[in-house]
Each structure stands twice: as structure tokens, then as C-alpha cells.
């Protein structure tokens, strides 16, 4: 795996803001977000509803134009392309959405739906497109017999597979996966996560993997960004952010996620956040999280913390990040064990 | 809701029984539903007990019959297209033998239900206060003013900061978490003996989920309410339930105390569910997915229903298998003894 560094990132976002509405009722769904994803990397975005993660995903592939900031696909600025150039470029940056039902025309067979993007892009001959569609359906373990069926004849998991096949037929480089396993039962979800991993390896893909599910994101991702209310609270390697969170919000999220624990351990100290995500029309001043943060002090309500790189590769936007970090540093030895023991 | 609020004449069975007694006992429940293709068996011989104050988790994937079990107990299925057999004993009465009128006195008063989607359970054209008041007035002979006060107390008890104001709002102006609090307030306002919570937090964010679970368990513990907690989330069961049952294809396939079932599952399906939960510690691409999918209700395998997907299936598994009881546990598997002997006991740490 390549970390950001010498290579040009497959996808990078710099100070991106996406706002909706006009003057008085303006909502900044994404507010000054920066990150970059290396080629071949799986970059996870965790956030609750209303955190702006889906908007971020859409803007990242060029479906929505950001109101400020920059997006780069490799060294290409997708928003500087002409319409014709963008149509060609779009094949490389695909998005897969949560609900496969909304993604298929109920009057077309699965095969027709998978062929359609190639027909629009005018790749190959009719026979080649058909062969390519069947090949990709086979890759996601859907038989030619399944290909002849209509969407309603497939289960949720099978439809999501077909949806993936359709994204793959045009040889994408980057896939934005927006809640792609959220609608599936856990046994099917496991199968799908294995498939995403295999496809990434076999086709050398780069993923922006968006989900509200901590288990899913931390399992599949190399690095993760934790979003809250349009901003990134923390970025770091998936395992570190999960087990040694440096932002109180990441810590609370981790704590809220129910775990299968030994029965006696279930009474463990849990952080239960008070209140809900504030109104988007009236965002709190200072740190966006201060209204629910168990650590918040006056400073948090007035000054917005800058995002800073606390230790290499770990970016945090919190006034107390140093204190959070100090808990994980080996002071007298054996400290490391303590912070891992709460798993 | 204040405990001092005087109760009006109580319709239906009285509350307050010894804690070691069984509150609800479902025996050999069978449910058939009718669609355009005729009748189909949805629940096949479901039996379980729930005691006062106890939290029983029902887990399983979509279509396993867990919600249908809840709707059968509440008798919320349309009688023309649903047929129920068996016995559902609640506080000494067989619910299946009650008239609609008798049942409606129990529903909301002695047994209440919390649904997954509060928006589809709340009426959009009435304020939440009016809806809770209606529940109170259905079951108690109290004035409108008294019912309103109880509604406001109920909203207060579920942690709503300005209950008097919120009571005057319509459901649409509340967030998902607030709506679910309102549902809980409505479920608790008549101080029922049993709450059936069907995926009460599935539509909510995880930080709101922990608020709601905390609230539900605290209130029920305080009042001695039993909870039948239906979920697909094993981790929620692990943290919140005393006992659990796993359902598959309309049958119970495993049951017992949560601590035992999750530490040493006996059924390959329960094991499979546990192993398919993604985790940061597990190597990518190696999640143990359960192959295949749940068979159609009209084409259930003749033997063990899990047999076509089971990694341990043998020829013997195509024969019918009964639910066995071993001490506090129940298991429906031909090979559980062999498998329990060979498999290394799964510890919570291994997850």
C-alpha cells in the first residue's frame, strides 16, 4: 500500500466547502474539508446522518460543484473540464450508492443495465459490450442466468453485486462507495465486504468508503476520517483512530458502538453523548462538537480548533488533542497495555 | 410520569405478580399468512417464555419471523389473511382466545409496542401530546386534563427537555431520536408489564442509539417491565439482554442465557452470524460470510432449515430436527454435540 507522499494522490480535496440554499438559509453541508487518498488506498469516512459524508462523496467525484476549495483527480481538476472531457473522465471516478433498487430501471434486465454505461460511453462493439458485462457480472459472482432477470427478481445482496458490476465495466480507478452495505443483512454484508476487498486487489482500485458503521469502516479501511457536522474531526490509520482516538467525538462514537462483550463486562464505562446533532441552519460557534462534548470548556464555544498533525499521519481538530494523546503515551511503561485493554 | 398519579379503574388483567412467575409464555406458535399464491407458513412452532423484569433478545436476519412473532403476540395481523395456532399465555390468559375487544384492552395497557420507524407509527395530523393522551384515555377513565398531565409526565420521563412544548408539536417537526423518545413515552405511559421493542434503534445514529437503549432499559428496570427486544444486532443483545433466542426460517434454532449463547454458540447459524460481523482486528477479505441466502418460505428444506447453507451439513441433516432443551439452553441441530466437542470454545476476546 502506498501512503500519501511521493505519488500524486488518486483523489485529493483541499479546503472544500459545499453549501446549499441561498444567503439567509445557507447550509454548509461540507465546511472546509481537506484530505488526500493515495492510489490503491481505502480511505474511510465515518459519520452520523447529517455529517455531510454523502455530500462529500458526491462532490469528490464531481457530481456536485463545491462552493469553495479544490478537488483533484490525480492531477486533473474535474471542474475545469469541458462537458465532453468530463463525460470521458467520469468513467474513472465512479460512485456506488446505498440503495440498489433506486439504481436499476425495473424494465431493463440486469444485463441491459450493466451494458448501458458502456453503450453511453460508446466503448467496443455491441458483442464486446455484452461479453464485458457478463464478465463483470461473473466477477461479482452473478451467473448469466441471473443477468437475464429483472431487478425485482434479485435479492438485495444480488442487486448490490450487479450495481458493483455496472460500476466496474468502464474500468474505473476510484470508486466512491456510499453506504454500500448498510441495507444488507450481516451475513450478506460480510460477503460483500470480502468482495470489495477482492475487487480492490484484483483491479487495483482506490476506494473512498463512506459509512456510518464503525465496524464496517474500520474493517475495510487503511485510513479513516471522522466527520461531524460538515467538518473532519480526526484523520488517521483506521486501527489507531478506533483504538486510540484523539478526538472526543471519535472516542464517543467508538464507545457508543455496541460490542459483543463478555456478559460481565457489559456494564463498562460508556460515554453516552447528550443531545443531538445541532440544526444545520444555526451551527454552533467555536468547535462544532462543543454542544455535545463531554470535555468542552468555554474556549471550545468561542474558538474553533485548527486541524493539526499531532503525530505523523494523525490529524486532529480539538483543543484537548494533546491531553487525549497523552493518555496513550508510554509514561512509565505498561501504559500501552492499558489503552488496549478496553477493547 | 409520576408514580403518584392516581390510576382510574383498570380494564383488563391486573398487574403486579411474583417475579419468578412467567409473564408471557408462547407455546408452539404457528402463523400462516395468505398472499395471492395461497397460504404459507411463516412461523413454525415458536415457543419461549419471558419473566417479569426480564429482557429477552430475539435475533435473526430479515425474513426469519422475528417481527411476525411480535405482531402475532399483539394480534396486529389482519385476521382474513393471517391464521394463528398455538397458545400465547399472558398473565394467566390465552391471548389467542380473547375477543378483539378484550385484546384491545390489553394492547397499549399491559403490553405495548415500540416500532422501528416512529414516523410510520405516529399519526402525522395529531400533536404528540394528543396521541399520548389518547392512549391514556383509552385505558383509564380520566379527564382530558389529567390525561394531558400524564402525557407530559411521560415525555418528561424519557428525557425530553421541554415536555410541555414538545407535547404541542407534530411528529414531523421532531428528529428521529426525539420521535423514538415519544414512542417510548407512549409505550410506557400506561405502565405496561411487557414492552415489545421491534428494532427500536435501527433507524437511529449510533450515539442516539446508545441514548435510547440506555433510556429504555433504565425505565423498564425501574418499573419492572419485561422487554421482548427484537433486533438483528447481536452486539446490542450482548449488552442489553438477559436471555436470547436466534430465529431462522420461522423457527427458533437456538436459545439460552446471552452470556452462554454468545460465548459458546451451539448452532452453526449463530456461530456464522457472530463470525460475519466486521471488525478492525480481522484480516480484510476473510470475513466468514454465510453462503447462499435464506430459503423462500414456500420452499423450505424438509429437514434442518439451515442445511443448504450450513458448512457442517451431512446427509442426516435433510431429516427434520426438533428443538432440544438442555438445562437453560435450547438447540435445534442434529450435530450440535459433535460440533461442540470439536470446535474450540469461542471467547469474547476472540471476537
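The values are calculated or read from the model by the stated rules, or taken from the named source; none is laboratory data. Keep in mind that what you see is a predicted model, and the values were worked out from it rather than measured. Every residue, glycine as well, gets a Cβ built from its backbone with ideal geometry; the counts of neighbours run over all protein chains shown.
When residue A:28 is tested against (1) assigned to a strand (DSSP E or B); (2) farther than 19 Å from residue A:179 by Cβ; (3) touching a helix residue (DSSP H, G or I) at 6+ places or on another chain (Cβ under 9 Å), exactly one condition is not met: (3). Residues of the stretch A:201-229 that are facing chain B (nearest Cβ under 10 Å), in contact with a helix residue (DSSP H, G or I) (Cβ under 9 Å, 6 or more places away or on another chain) and outside any strand (DSSP E or B): A:212, A:213, A:214, A:215, A:216, A:217, A:218, A:219, A:220, A:221, A:222.
Residues that are touching a residue at least 24 places away in the same chain (Cβ under 8 Å), farther than 22 Å from residue B:44 by Cβ and within 11 Å of chain A (Cβ to nearest Cβ) within the stretch B:241-269 comprise B:241, B:242, B:257, B:258, B:260, B:262, B:263, listed in sequence order. The criterion of at least 1 residues that are within 14 Å of another protein chain (Cβ to nearest Cβ) is met by the following helices (runs of 4 or more DSSP H) wholly inside the stretch A:114-196: A:144-147, A:156-168. For residue A:102, indicate whether it is more than 30 Å from residue A:9 (Cα to Cα), crowded, with 18+ Cβ neighbours inside 10 Å and free of Cβ contacts under 8 Å to residues at least 40 places away in the same chain. No. Report whether or not residue B:97 is surrounded by 15 or more Cβ atoms within 10 Å (Cβ to Cβ), at pLDDT below 95 and more than 19 Å from the chain's Cα centre (by Cα). Here the answer is no, as residue B:97 does not meet what is asked. Checking each residue in the stretch A:244-261 for being under 30 Å from residue B:264 (Cα atoms), more than 9 Å from every other protein chain (Cβ to nearest Cβ) and outside any helix (DSSP H, G or I) picks out only A:244. Taken across the stretch A:10-29, residues that are under 19 Å from residue A:227 (Cα atoms) and free of Cβ contacts under 8 Å to residues at least 40 places away in the same chain do occur, with at least one present.
Out of the residues in the stretch A:27-40 that are more than 24 Å from residue B:280 (Cα to Cα) and surrounded by fewer than 24 Cβ atoms within 10 Å (Cβ to Cβ), state the one that is farthest from the other protein chains (Cβ to nearest Cβ).
A:34
Mind counting the residues in the stretch B:270-284 that are more than 8 Å from every other protein chain (Cβ to nearest Cβ) and in contact (Cβ under 8 Å) with a residue 24 or more places away in the chain? Count: 2.
Looking at residue A:180, is it modelled with pLDDT under 95, touching a strand residue (DSSP E or B) at 6+ places or on another chain (Cβ under 8 Å), under 22 Å from residue B:202 (Cα atoms) and crowded, with 24+ Cβ neighbours inside 10 Å? So residue A:180 fits the description; yes. Where strands (runs of 3 or more DSSP E) fall wholly inside the stretch B:242-351, the ranges with 3 or more residues that are surrounded by fewer than 16 Cβ atoms within 10 Å (Cβ to Cβ) are B:324-326. The condition of being free of Cβ contacts under 8 Å to residues at least 60 places away in the same chain and in contact with a strand residue (DSSP E or B) (Cβ under 6 Å, 6 or more places away or on another chain) holds for only one of A:54, A:36, that being A:36. For the stretch A:230-243, residues that are more than 12 Å from chain B (Cβ to nearest Cβ) and either assigned to a loop (DSSP other than H, G, I, E, B) or farther than 15 Å from residue A:289 by Cβ (or both) total 3. Being surrounded by fewer than 19 Cβ atoms within 10 Å (Cβ to Cβ) and either under 20 Å from residue A:211 (Cα atoms) or at pLDDT below 95 (or both) narrows it down to one of A:43, A:20, so name that one. Result of the check over A:43, A:20: A:20.
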